[in-house]
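The structure appears right after this line, and notes come after that.
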Amino acid sequence: MADRPWIMRTYAGHSTAAASNALYRSNLSRGQTGLSVAFDLPTQTGYDADHPLSRGEVGKVGVPVSHLGDMRSLMEGLPLTEMNTSMTINATAMWLLALYVALAEERGDDISLLRGTVQNDIVKEYLSRGTYVFPPGPSIRLITDVIAFTTEKVPKWNPTNVCSYHLQEAGATPVQELAYALVTAIGVLDAAQARGDVPAERFAEVVGRISFFVNAGIRFVEEMCKLRAFALLWDKVCTERYGVEDPKLRRFRYGVQVNSLGLTEQQPENNIIRIVLEMLAVTLSKDARARAIQLPAWNEALGLPRPWDQQWSLRAQQILAFETDLLENADLFTGSEVVEAKTQRLMDDAWAEVERVLEKGGAVAAVESGYVKQALVESNAARLGRIEAGAQTVVGVNRYTEAVPSPLVADLDEAIMRVDPEVEKAQVAALERWRAERDAGAVESALAALKEAAGTEANLMAASIACAKAGVTTGEWAGTLREVFGEYRAPTGVGGAQVARSAGEKIDEVRRRLESVAETIGRRPKMLVGKPGLDGHSNGAEQIALKARDVGFDVVYEGIRLTPAQIVASALEEGVHLVGLSVLSGSHLELVPEVVRRMDEAGLKDVPVVVGGIIPDADAERLRAAGVARVYTPKDFALDTLMGELVDLVAERAG
Amino acid sequence: MSPAANAVADLAEGVRAGRKAAVARALNLVEDRRPAARETIGALLGELREAAMAGAHRVGLTGPPGVGKSTLAAALARTLRSRGRRVGVVAVDPSSVRSGGSLLGDRARMGFDPEDDGVFVRSLATGGEAGGLSWAAPAATHVLGAAYDVVLVETTGVGQTETDVRHVADTVLLVVQPGSGDVLQFLKAGIMEIPDLLAVNKADTGVLAERATSDLRAALATTQAAGLGAALPIVATSATEGRGLDALVDGLASHRESVAAALPDRRRAGEVAWTLRLFRGLHGQHGVDTLGGRTAIETTASARLRSEAPPTICAQLSEAYLARLREPRPGSSSNEDRETPQEKTR
């Protein structure tokens, strides 16, 4: 009757492969039972550390892995056949898996014993997370190539991890989370089936290897029901669509990271309580319990978490699993009318949306048309509107805001992790050494073989593993495929988003101010919303763009992954009165001052630059000193007030 | 020259030289709706007129929403750029009816090198104007035409009333999707202007492209009676995969060549429409009636367009109109000079 504890992980990695290896070893010594590797943005988007777009991002939100040498350092002293390694990697998933396999073979390991996961879900990258590279067609091909490879060679590996997690982070309701994750899984499986690399009689195994990565928000009863609904709907898909007979292969296997979107900058100590409650959603019900859990840290809205912060979250898992009686019991909710009714309603609504998307041609078509993205943008705008209006309580944000100062954040700059900016230089230097010392001829021929294979229907895993062994770098592997496949920009979803026009005296006053400024300066105030760098988390930028239009700005928003030079060129050509930058990766000190400097050079000194992001106070001070007009952080959730300030700023500078 | 006139001459010089900062400032100026700006705008456009009329090929892209006009415009610009042509883009997006604000530029600038001086994109909001263009679009096209070899004007694609693009473009490209029967219905019914060229976009596979093109051709053949003609060139494109772009660029160029002789007339008609629109915006139907009706104004504008730009002519018409208003009513004894628009040109 007793259940085994889930796999406990911490999403970790930063600075360098060696530093991350030390971190993994210390996490494992504290009772962590699996690895969850966070890669930096250049690695996730297929650039080497010395690419212009990598500036400021190397080693920041994860570990840089540029080649086999980095993979060696990352896993040094860790027995690969005993690890369960989860890699949060998508557009370049095939490449990182190739490096991992190449390392195992180099060590003489039997690769069929490797266990772990590559996230390898491109759909949610287009919708929410932003680390896509190639157009949908070739991206899906890379996923199905990985599936075919692991099914044959690494049968215990999860070749794709369908993520509803990031959909919730982008504002998805539980129904949307269910529906869009299911259509994503269907899209991948249909494509794998159509490609036909796996013999039909073994296709049930492919279905059985599909795992999910879900989110759990603060409404934990509904969230628990969502997971029960998920399991039932997945069973339905496996049975009805793919004819899977073995119940074991139809099991809904999922890992989880609980919600970060709802974590607050105000009274941040409360976040650990939110995190624990959210964990209940994925653990209480035995029938829908997570197989692996990683928790965010209490201070994520302030900056990058330190090892201690992550340990605190790990301890929460250990206490729930080992101190409480939770695991001694069978499912607590079987037969509960409340739970069953909620579950049924979620299933009905989600399935209706699944059918709608399938009618539109499936997940990929609904991404390309912007349908899904727009639905998410609208949901997120509605959520923010409820919080701003006080219709949804967030303690410490819109209710019970008076508080004794927290000793945990008495010294804010010490309460977060900082990555040494020298890391980037060191990584670039190491990369140059690597390139100098490898066999250039072998690299060239491995890349030529990759390029040739990419132009055919061949499975690209073999060519990628050969590249890994030859010493090819991440940027070279992805660059070669970029040449063949091209690059993609996903719809931003903001253009057509239908959002309730906010009402109220305050916002009407902002609108009147804006109209009067428009008359004074002769043109409607125009604002550029820009996302510099590789960070693809565009939710903040999207919501600012929508709100700015709602108060009457003409808004130029060109999506993610822009260089400072591109942003300044747009500001100049578009003749904007204001530039707003959103940076959530912690690279604001590298990217923002460069935008300001280039604005000056382009003769746009009078155009104010404002910045929003997860920006510690000391950094905000430095940004203001560099010429930034305003710095906003997650605690500035009252968008009406913020918009009023922006209108004033335009009036001041242009007037 | 006065300092103000010097400044305008300098700005015009910068635009003609294709300097981005000058082009940006000139566009900011022509978007300025303050009455005080009108004279300067007229002066600037006058300075630029010769250059604007001389060379640039103005291509209008129109078509229903969702057919990928922005992506196609960007792909077209890249292809032109790779042939060494300098490209200016005016991308028009709708304003929100509720707030007056707008969201612009989504994907328009896709993948351009920010250091490249040979490409320039300005997004404009319709600001409540009907017709798929914005108030400042003709002036912006004029400015970009003085600075670049090709000007692409992308309309909002709000539907069937996209007629204004004809007034700013030498070549109108209608962008449709495979299997888009509605568009043909609109064309047949005369709701949508007859384009000079058709692009079937999103023809992502060769098979799809061929089928879509032959479907359209067959359908067009049935509309010959409606004056459409089966000769309308059709190009299958896939902006995302880069198919058909060279053929499209060639098609646009050969249309431009084929109408070269008629071009001055076509452009003048566009400027006349622009003048009338400006005047109507200021004085409404009463203004038009007071100056003897639409045809009279068009005749006047057409005559003066040799040397001056529409905003300046509009200002002259305004003066004439206001002078009329000050005249004593018929039957009074005053004997002031009765100036008609035509007379004022003398």
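A compact table of results
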{"quantity": "Segment A:432-519: C-alpha gyration tensor shape, a/c 1.5 cut-off, then a/b vs b/c", "calculated": "prolate"}
{"quantity": "Above-threshold pairs, the threshold being 20 Å between Cα atoms, out of A:LYS124/A:LYS531; A:LYS605/B:LYS20; A:LYS124/A:LYS526; A:LYS60/A:LYS635", "calculated": "A:LYS124/A:LYS526; A:LYS60/A:LYS635"}
{"quantity": "P(r) of segment A:183-340 over all Cα-Cα pairs, binned every 5 Å from zero, in whole percent", "calculated": "2, 9, 16, 17, 16, 13, 11, 9, 6, 2, 0, 0"}
{"quantity": "Bridge type composition, chain A - antiparallel percent by DSSP, nearest 5", "calculated": "0"}
{"quantity": "Relative contact order (%) - chain A, alpha-carbon pairs under 8 angstrom, separation at least six", "calculated": "16"}
{"quantity": "Number of partner chain Cβ atoms within 10 Å, mean per residue of A:550-563", "calculated": "5"}
{"quantity": "Calculated [θ] (222 nm, deg cm²/dmol) that DSSP helices of n ≥ 4 give over the protein assembly as shown, each run adding -39,500 (n - 2.57)", "calculated": "-15500 deg cm²/dmol"}
{"quantity": "Relative intensity, log₁₀ I(q)/I(0), of segment A:356-428 from a Debye sum that treats every alpha carbon as a point, q = 0.11, 0.28 Å⁻¹", "calculated": "-0.70, -1.16"}
{"quantity": "Against the rule of thumb 2.2 N^0.38 Å, how large the Cα Rg of segment A:1-110 comes out", "calculated": "1.09"}
{"quantity": "Within-14-Å neighbourhood charge of A:ARG438 [Cβ basis; K, R +1; D, E -1]", "calculated": "-3"}
{"quantity": "Coordinate range along principal axes, alpha carbons of the protein assembly as shown, Å, largest first", "calculated": "110, 67, 64"}
{"quantity": "Label point 7 Å beyond Cα of A:GLU323 along Cβ direction - residues of segment A:10-43 with amide nitrogen under 17 Å", "calculated": "A:31-32"}
{"quantity": "Residues along segment A:473-495 losing 10 Å² or more of accessible surface when the other protein chains are present rather than the chain by itself (probe 1.4 Å)", "calculated": "A:TYR488, A:ARG489, A:PRO491, A:THR492, A:VAL494, A:GLY495"}
{"quantity": "Sites matching GluC sites (Glu not before Pro) across segment B:32-123 that sit in DSSP coil, with at most 16 neighbouring C-beta atoms within 10 Å", "calculated": "B:GLU115"}
{"quantity": "Set of lysines with alpha-carbon distance to A:LYS286 below 18 Å, sequence-local pairs under 8 removed", "calculated": "A:LYS226, A:LYS248, A:LYS342"}
{"quantity": "Accessible area in square angstrom per residue, the protein assembly as shown, 1.4 angstrom probe", "calculated": "38"}
{"quantity": "Anisotropy class of segment B:41-142 from Cα gyration tensor, a/c 1.5 cut", "calculated": "oblate"}
{"quantity": "Chains B and A, summed buried accessible surface - 1.4 Å probe, Å², nearest 100", "calculated": "2600"}
{"quantity": "Length-normalised contact order of segment A:221-326 in % [C-alpha pairs under 8 Å, at least 6 apart]", "calculated": "27"}
{"quantity": "Accessible heavy-atom area order of A:LYS605, A:LYS635, B:LYS20, highest first, probe of 1.4 Å", "calculated": "A:LYS605, A:LYS635, B:LYS20"}
{"quantity": "Taking the C-alpha atoms of segment A:105-163, convex hull volume expressed per residue in Å³", "calculated": "93"}
{"quantity": "Unit charges on C-beta of K, R, D, E only; dipole of segment A:17-116, Debye", "calculated": "340"}
{"quantity": "Carbon + sulfur, % of accessible area of the protein assembly as shown - ligands and nucleic acids excluded, 1.4 Å", "calculated": "52"}
{"quantity": "Restricting segment A:198-303 to trypsin sites (Lys or Arg not before Pro) in coil, as DSSP defines it, with at most 11 other Cβ within 10 Å", "calculated": "none"}
{"quantity": "Computed over segment A:546-655, Cα set: Rg, Dmax in Å", "calculated": "13.1, 34"}
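The values are calculated or read from the model by the stated rules, or taken from the named source; none is laboratory data. Only a predicted model underlies this, so the values are computations on that prediction, with no experimental measurement involved. Backbone-built Cβ (ideal geometry, glycine too); neighbour counts: all protein chains shown. We work out accessible area using only protein heavy atoms, side chains counted, and drop any ligands, DNA or RNA first. Shrake-Rupley method; radii C 1.70, N 1.55, O 1.52, S 1.80 Å.
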